[in-house]
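Before I ask anything, here is the structure I am working with.
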């Protein structure tokens, strides 16, 4: 199963340069990296990133080890949370999220 992370273009560039992602400020505060499923990503963008124009959607297979936990969050749904750095070798793709003035445009392959 693929998991998705919305991040700024600067964070994505740093991730690519360093080979690991330690988390956005909210991740560092909470102690884990927040991810979404394909079904959750658009709502996550609308709720937490509305109007931002420098975003990327980055994805990879959900790690099969105990560092990935599915925990109840928004609306009682379970979200994937990673309790370690995310490694670039675990990423399988990325796409810029374009803001059209009302919503972000997600890759067609997610629908």
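Read the figures in this text as sums done on the coordinates, not as results from a lab. Source: prediction; values computed, not measured. Don't worry about glycine lacking a Cβ; one is built from the backbone with ideal geometry, like all the others, and counts go over all protein chains shown.
Could you please let me know if residue 89 is more than 14 Å from the chain's Cα centre (by Cα), part of a helix (DSSP H, G or I) and in contact (Cβ under 8 Å) with a residue 12 or more places away in the chain?
When the stated conditions are applied, residue 89 passes them.
Follow-up question, since we're still on this one. In contact (Cβ under 8 Å) with a residue 60 or more places away in the chain, over 17 Å from residue 107 (Cα atoms) and under 12 Å from the mean Cα position of the chain (by Cα), is that true of residue 62?
Yes, satisfied.
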